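A short worksheet on the structure shown next.
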Amino acid sequence: MKVSFSPPSITQREIQMVCEVLQSGWITTGPKTKEFEEKLSSYCGIEKTLCLNSATAGLELVLRLMDIGPGDEVITTPYTFAATANVILHCGAKPVFADIREDDFNLDVSLLEPLINKKTKAIIPVDFAGIPCDYQSIYGLIEKKRKIFRPKKGSPQENLGRIMILSDAAHSFGSVYRGQKAGSLADFSVFSFHAVKNLTTAEGGAVCFNAIGGIDSAEIYKKLRLLSLHGQSKDALDKFKAGSWFYTIETAGYKYNMTDIAAAIGIGQLERFDSEITPKRKEIFHFYQNQINGNVIFPFEKDQEKEGNYHLYPLLLKDPAKRNPLIEYLAKNEIAANVHFIPLPLHPVYERLGYRMKDYPSAFKNFQREISLPIYPDLTQSQMEWVVQKINQFLREN
Ligand SMILES: *Cc1c(COP(=O)(O)O)cnc(C)c1O
């Protein structure tokens, strides 16, 4: 039985919404994108959301907005997709990695303090597999470090007066931490709506924020939107109104806007998110927790503080030597599994920059023994059973 890893969940609802946009006469950034932004803001309990064509774009724009660049340092995890750290490089700043906690793969906050110095401008925690990081401790730490913070003159961070927390929430749409939704847990939070994520627009992303450092959220929205579309004083829809041809380029901005076609998929997904998408993932998660038998460590699910969104099922094998053979064995049985993630110091680009895997022992340990199993709304009962049957067979025989 063929089991793919993470196909998107698309129903008649998304198809209908996309067709409406295609027939509406307006297919790029416009009313649907606005509607999606407003729906995301109210879902996350946050003042403003700007939709973009990727999470990568969102992470970069926030760093650019804050004027983070050469001479600055940004702390993040080595246990993430390259996008998180690549954007730091794009801005000319230096990524500084802190090791993770083995139990939930998230930044080990107890390791951050010695990494903070006068150059530190931001911390980018990554909510791995949808489990929110320990934001309360991170905020506690940066409050304590206010005195050593040195903002660039004239940058928005001067008003903020402290290190910025930019949450890479690419995995955590719908997750909850201390009663609040992901999107509202940091100064800025960035979601990914890439095709493999738990809410998709094919390609897409969003930045969520409240007022920060004395700048209100409408002003931040305006600045980010300007940066996202060539620095044009008018958005595309305004520009195409009759008689409204004049615009100015305020800054050499980027081209990161979301299309209304993508937004329509997102609106359809959001309608089904709490009623269908997450419950189905949760059911599969519990099925694996209850049925898999062998020398394994089950993924973190929740505690009193936080609950994830069941975006991934990152199983750990106690014997790392079995990980690759298990992936091959599953592949022979037409089951696609994956590994999240290959830590960044193992990639040539980060190795050349001087990062060494041995400096992040927990990240390396988890990488060697991790296997991500298929978990998505269209996975059928018999597919789930097949996956479990093959895993248990492998673990019994090896
Ligand atoms: C997918 C992912 C991203 C990038 O998302 P895009 O929307 O493809 O730019 C960033 N960080 C993490 C942790 C991811 O998994």
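Over all Cα pairs of the range 98-206, how is the pair count split among 10 Å bins, expressed in % and running from 0 up to the last occupied bin?
15, 42, 31, 12, 0
Looking only at Cα atoms, what is the convex hull volume of the range 238-394 per residue, in Å³?
225
What number, in percent, do you get for the relative contact order of the chain if the mean sequence gap of Cα pairs under 8 Å and at least 6 apart is divided by its residue count?
It rounds to 23 percent for the chain.
Quick check: residue separation of residue 195 and residue 147 times 0.36 nm, minus the Cα distance between them. What number comes out in nm?
Length gained, residue 195 through residue 147: 13.0 nm.
Hey, got the Cα dimensions of the chain along the principal axes, in Å, largest first?
71, 55, 39
Given a Förster distance of 51 angstrom, what is the FRET efficiency for residue 339 paired with residue 241, based on the Cβ-Cβ distance and rounded to 0.05?
Calculated transfer efficiency: 0.55.
Please rank 286, 347, 171, fewest neighbouring Cβ atoms within 10 Å first, as an exposure proxy.
Fewest-to-most Cβ neighbours within 10 Å comes out as 286, 347, 171.
Give me Rg/Rg_expected for the range 146-204, where Rg uses Cα atoms only and Rg_expected = 2.2 N^0.38 Å with N residues.
1.45
Principal axis extents for the range 276-318, Cα atoms only, whole Å, descending order, please.
The principal-axis extents, from largest down, are 30, 23, 14 Å.
With label points built 7 Å along Cα→Cβ from the Cα atoms of residue 274 and residue 26, find their separation and express it in nm.
For residue 274 paired with residue 26, the spin-label model returns 2.8 nm.
Ranking 386, 245, 26 by Cβ neighbours within 10 Å, fewest first, what do you get?
In order of increasing Cβ crowding within 10 Å: 245, 26, 386.
What are the extents of the Cα atoms of the range 230-314 along their three principal axes, in Å, largest first?
68, 27, 24 Å, listed from the longest principal axis down.
Cross-link candidates for residue 119: which aspartates and glutamates have Cα within less than 17 Å, leaving aside residues fewer than 8 places away along the same chain?
67, 72, 73, 143, 158
Against the globular-protein guess of 2.2 N^0.38 Å, express the Cα radius of gyration of the range 323-384 as a ratio, rounded to two decimals.
1.44
FYI, it's all coordinate maths here, none of it is from the lab. From a predicted model like this one, the values you see are computed outputs, not experimental measurements. All Cβ positions, even for glycine, are placed from backbone atoms using ideal geometry, and neighbour counts span all protein chains on display.
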